[in-house]
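The values are calculated or read from the model by the stated rules, or taken from the named source; none is laboratory data. Just so it is clear, the model here is predicted, and its values are computed rather than measured. Backbone-built Cβ (ideal geometry, glycine too); neighbour counts: all protein chains shown.
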Amino acid sequence: MDDFEREALRRLPLAEAALRLWAFITNESFLSSVFARHRGRSYEKVLSFPVMVNLIADALLRYRGSGRRSFSEAKEQGTLQASIVAAFAKLRRLPISLSMGFLADCTARLVALFPDDLTTVPLPASLAGMEPVVLDGKAIKQVAKRLKPLRGIGGGILGGRALVAMRLRLGLVVGMHVHPDGQVNDVRFVPDLVPQIRGLVPGTRIFLGDRQFCNLEHLPVYLMAGDHFLIRYHNNVTFTRDTDRPIRTGVDQEGRSYEQEWGWLGRPGHKQRRYLRRLTLYRVKQEPIGLVTDLEDADLFPATDLLALYLCRWGIERVFQQVTEVFGLEGLIGSSPEATLFQFAFCLVLYNILQVVRAYVAQGNDRRVSDVSTEQLFVDVQNQLIAWHEFVVPVETTRLIKPLALEETRGQLTKLLSNNWKGIWKKAPSQKRAPPPHTGQNRRHESAYRLLEEARAAAKFQHTRHQ
């Protein structure tokens with residue numbers, strides 16, 4: 001290592017930390033194994049999956065979401081052996097099983113790197129022994145109308161749709177179940193995703209979800225393996241109060257009144273009818289929040305703890321916002337549903353990498369993780385990565401940042417990010433803003449998957465008719 005390289009490493013600690021994390025979770029042998037496990041019917045020829053991953057990384061981190069710029073640069077440097085058209089076609093055909101497996105396998109490696117005994121969201125004492133998992137759905141919007149069947153379509157175009165699970169304690173997205181049709185209801189994927197999450201999140205889990213997850217058919221799915229649920233109540237599901245148990249009232253930590261009652265969820269005679277506990281939090285000039293849970297013991301699991309935990313569910317909405325605005329999901333590289341879902345999975349992996357960097361920054365500078373701004377930290381990480389790639393060629397980066405073992409990587413991250421703090425990284429205090437006024441105009445969105453399927457069916461019909 002010459003003096004210039006040594007000085008570059010010294011001045012760009014965030015870039016080195018991000019590159020070491022990237023090297024740990026995306027070395028070629030690991031990515032090849034991910035492809036082998038989740039490839040379905042897809043295959044590799046000239047363009048391998050590890051090369052594809054690095055091309056997408058460069059597009060998002062170096063070229064502001066420009067896939068063509070990334071592919072062109074790689075072609076010029078000789079790292080892309082196939083044509084640019086072939087690279088876009090490969091991205092367009094990536095199977096959705098590979099998107100799900102890529103996220104789950106990469107995050108499992110990141111979880112092992114997360115600092116010990118550090119939590120992003122402190123849990124109440126009564127729930128400290130549980131692992132809260134937040135469920136929510138996300139449709140990929142703003143698909144470019146590059147493909148011929150999408151041209152001339154009015155309104156927006158939807159890519160795929162995903163049901164996502166976030167491990168609240170660490171602030172990491174641990175898995176998702178996706179579908180290429182952006183107009184499907186993601187709640188139907190609960191029986192597919194929840195068993196997968198049990199293999200990724202150890203311990204006793206408690207599943208948190210918005211009112212759309214208040215579904216009698218899915219409650220047994222949440223409760224398998226001794227797990228629990230805390231779901232927002234939906235008025236479409238009948239609740240019958242148990243008149244033998246009195247209603248309890250109280251005040252939460254912000255002085256808002258609440259009441260809790262016990263009863264049956266579901267109409268009489270329904271085979272999935274269940275006895276549970278319902279909490280209702282009353283808010284000034286806002287709709288009350290009703291929650292249902294199988295944790296019936298109000299003394300063992302106080303209502304204030306459950307209410308505080310559920311209000312942390314908003315964190316997954318922040319994840320979606322940051323992934324869209326900060327990590328480049330607003331500019332989609334591909335136009336097929338499969339391409340949009342892989343980019344979504346990729347952005348979630350980048351988000352998780354930044355959360356690990358954020359945790360080491362907080363730990364090494366005696367800060368709470370919640371005090372470190374993800375957005376501001378990412379700006380400096382991205383700027384340092386761009387500076388790194390301007391002065392250090394890819395061959396030298398590979399030589400300098402070699403994949404290390406788990407404990408060596410943890411040690412390097414601690415060394416790089418301790419006593420390395422900038423005031424601008426401090427998260428601004430949250431401000432309560434009034435919701436934007438509803439204009440009464442709902443923009444129409446079409447599903448790219450349905451439009452492409454209609455075009456294929458029409459082409460097949462014309463071919464058969466011609467024959």
Residues being in contact with a Ser or Thr (Cβ under 8 Å, 6 or more places away or on another chain) and farther than 24 Å from Val237 by Cα: count how many of those fall in the range 276-300.
1
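Residues to consider are Asp210, Asp227; find the one that is among the acidic types (Asp, Glu), crowded, with 17+ Cβ neighbours inside 10 Å and under 18 Å from Arg161 (Cβ atoms).
None of the others qualify; the one that does is Asp210.
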Out of (1) surrounded by fewer than 16 Cβ atoms within 10 Å (Cβ to Cβ); (2) under 25 Å from Asn352 (Cα atoms), the one Gln81 does not meet is (2)
May I ask you to list the residues in the range 102-126 that are part of a helix (DSSP H, G or I), among the aliphatic types (A, V, I, L, M) and in contact with a Leu (Cβ under 8 Å, 6 or more places away or on another chain)?
Leu103, Ala104, Ala108, Leu110, Val111, Ala112, Leu113
Test of understanding: among Thr340, Thr409, Thr398, which residue is hydroxyl-bearing (Ser, Thr, Tyr) and free of Cβ contacts under 8 Å to residues at least 12 places away in the same chain?
Thr398
Can you work out which of the residues in the range 96-126 that are hydroxyl-bearing (Ser, Thr, Tyr) and modelled with pLDDT of 90 or more is surrounded by the most Cβ atoms within 10 Å (Cβ to Cβ)?
Ser99
Could you list, in sequence order, the residues of the range 230-240 that are buried (at least 21 other Cβ atoms within 10 Å of the Cβ) and over 20 Å from Val173 (Cα atoms)?
none
Qualifying position, being modelled with pLDDT under 95, closer than 30 Å to Ala125 by Cα and in the same structural domain as Ala125 (by TED's automatic domain parsing), among Gly203, Gly152, Gly156, Gly160
Gly203
Restricting to the range 155-188, give me the number of residues that are more than 15 Å from Arg450 (Cβ to Cβ) and either hydrophobic (A, V, I, L, M, F, W, C) or assigned to a loop (DSSP other than H, G, I, E, B) (or both).
15
Filtering the range 189-209 down to residues that are part of a strand (DSSP E or B) and touching a Gly at 6+ places or on another chain (Cβ under 7 Å) yields Thr204
Take the conditions in contact (Cβ under 8 Å) with a residue 12 or more places away in the chain and surrounded by fewer than 23 Cβ atoms within 10 Å (Cβ to Cβ) and apply them to Asp371. Does it pass?
yes
Filtered residue count, the range 127-154, keeping only those that are part of a helix (DSSP H, G or I) and surrounded by fewer than 15 Cβ atoms within 10 Å (Cβ to Cβ)
1
Pull up the range 271-311, narrow it to residues that are in contact (Cβ under 8 Å) with a residue 12 or more places away in the chain and of a type in the set (Asp, Glu), then point me to the one that is farthest from Ala165 (Cα to Cα).
Glu296
Among the numbered criteria (1) closer than 26 Å to Arg313 by Cβ; (2) surrounded by fewer than 17 Cβ atoms within 10 Å (Cβ to Cβ), which one does Arg93 miss?
(1)
Please find, among Gln355, Gln382, Gln321, the residue that is modelled with pLDDT under 90, polar (S, T, N, Q) and closer than 22 Å to His177 by Cβ.
Gln321
Hey, among the residues in the range 13-53 that are more than 25 Å from the chain's Cα centre (by Cα) and over 21 Å from Ser70 (Cβ atoms), which one's surrounded by the most Cβ atoms within 10 Å (Cβ to Cβ)?
Pro13
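For the range 235-274, give me every one of the strands (runs of 3 or more DSSP E) that falls completely inside it and has 3 or more residues that are of a type in the set (Phe, Trp, Tyr).
Here the list reads 257-265.
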Just to verify a result, which residue in the range 312-337, among those that are over 11 Å from the mean Cα position of the chain (by Cα), over 16 Å from Leu60 (Cβ atoms) and touching a residue at least 24 places away in the same chain (Cβ under 8 Å), is surrounded by the fewest Cβ atoms within 10 Å (Cβ to Cβ)?
Cys312
Yes or no: Leu307 within 21 Å of Leu135 (Cα to Cα), of a type in the set (A, V, I, L, M) and either part of a strand (DSSP E or B) or assigned by TED's automatic domain parsing to the domain that holds Phe229 (or both)?
no
Please go through the range 385-429 and give me each residue that is modelled with pLDDT of 90 or more, of a type in the set (S, T, N, Q) and assigned to a helix (DSSP H, G or I), ordered by number.
Thr409, Gln412, Thr414
Are any of the residues in the range 92-101 in contact (Cβ under 8 Å) with a residue 60 or more places away in the chain and touching a Leu at 6+ places or on another chain (Cβ under 6 Å)?
yes
